[in-house]
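Visitor: If you scroll down you'll find the structure; I have some questions about it.
The values are calculated or read from the model by the stated rules, or taken from the named source; none is laboratory data. Source: prediction; values computed, not measured. Note: ideal-geometry Cβ built from the backbone for every residue, glycine included; neighbour counts use all protein chains shown. Just so you know, the surface numbers come from the protein's heavy atoms only, side chains and all, with ligands and any DNA or RNA stripped out. Shrake-Rupley method; radii C 1.70, N 1.55, O 1.52, S 1.80 Å.
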Amino acid sequence: MTDNIAAGSPASHIPSSADGYVGDPAVRAEWDNRYADRQQLWSGRPNGALVAEVAGLTPGRVLDVGCGEGADAVWLARGGWDVTALEVSGVALERAAGHARDAGLTVHWVHAELTEAVLPPASFDLVSAQYPALLRTPDAAAERALLAAVAPGGVLLLVHHAGMETQQAHEGGFDPADYVWPSMVAALLNDDWEVEVDEQRPRVAPGGGAGAHHTDDLVLRVRRLR
């Protein structure tokens, strides 16, 4: 999640602690702390819904929103995609860059919040957001940023945990009403978009990692027509 890393920069290059991170420092700190608490937070394998939905797509430019430790980004790059991976946590990006470097792959890392990143508009053939923690705002900034990044003819794939959006606020401070869910993105679609998939399905989960207990996905796949 920062945009001062130019396309084509080596996979090992990500911002230092004095970088130009773009976004709320509190959000960055929250996620840095979460990642720092564990040596590995996620499974290290690509998300099942992504693997299934990308199977029929021709590799092009892809934006991986909330790339975490980089499993999806590395998998996409290995499959021939030109990957831009965006993340708020510098701790996660360090791990992700290491995985890409170990695999001999180039990924363009962006250290910023989605709504603050300076991304080329309407330029990605695929925008992938797998279980993103995007904060909801009155102007639907995150939803609009997802849609704005998709090139004509391209696809937005948004996957989330089914049932969470209807839960009550947790004692730990998590309130589903604070976050963006697929239905909120779908509500913004107009005639420029075609809905290809909008369904709940059993989750094909990579074993282990945070979130492994969720059993069903909400999958929204939409194509920008023009």
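Visitor: So, E69, is that one crowded, with 17+ Cβ neighbours inside 10 Å, of a type in the set (D, E, K, R) and at pLDDT below 95 or not?
Guide: When the stated conditions are applied, E69 passes them.
Visitor: Another question, then. Do we have any residue at all in segment 48-59 that's part of a helix (DSSP H, G or I), open to solvent by 10 Å² or more (accessible area, probe 1.4 Å), under 22 Å from Q200 (Cα atoms) and small (G, A, S)?
Guide: yes
Visitor: Got at least one residue in segment 61-70 being acidic (D, E) and touching a residue at least 60 places away in the same chain (Cβ under 8 Å)?
Guide: Within segment 61-70 (the criterion being acidic (D, E) and touching a residue at least 60 places away in the same chain (Cβ under 8 Å)), the answer is yes, since at least one residue qualifies.
Visitor: So, one more: Quick test for you: out of G163, G153, pick the one residue that is closer than 15 Å to W181 by Cβ and surrounded by fewer than 21 Cβ atoms within 10 Å (Cβ to Cβ).
Guide: On inspection, the qualifying residue turns out to be G163.
Visitor: Tell me, please, whether a residue that is assigned to a strand (DSSP E or B) and within 18 Å of R224 (Cα to Cα) can be found in segment 102-124.
Guide: Yes.
Visitor: Based on this model, can you work out whether A151 counts as at positive phi and either outside any strand (DSSP E or B) or touching a strand residue (DSSP E or B) at 6+ places or on another chain (Cβ under 8 Å) (or both)?
Guide: Criteria not met by A151.
Visitor: For segment 101-123, enumerate the residues that are buried (at least 23 other Cβ atoms within 10 Å of the Cβ) and under 23 Å from A52 (Cα atoms).
Guide: V107
Visitor: Which one of E30, E53 is within 25 Å of L126 (Cβ to Cβ) and modelled with pLDDT of 50 or more?
Guide: E53
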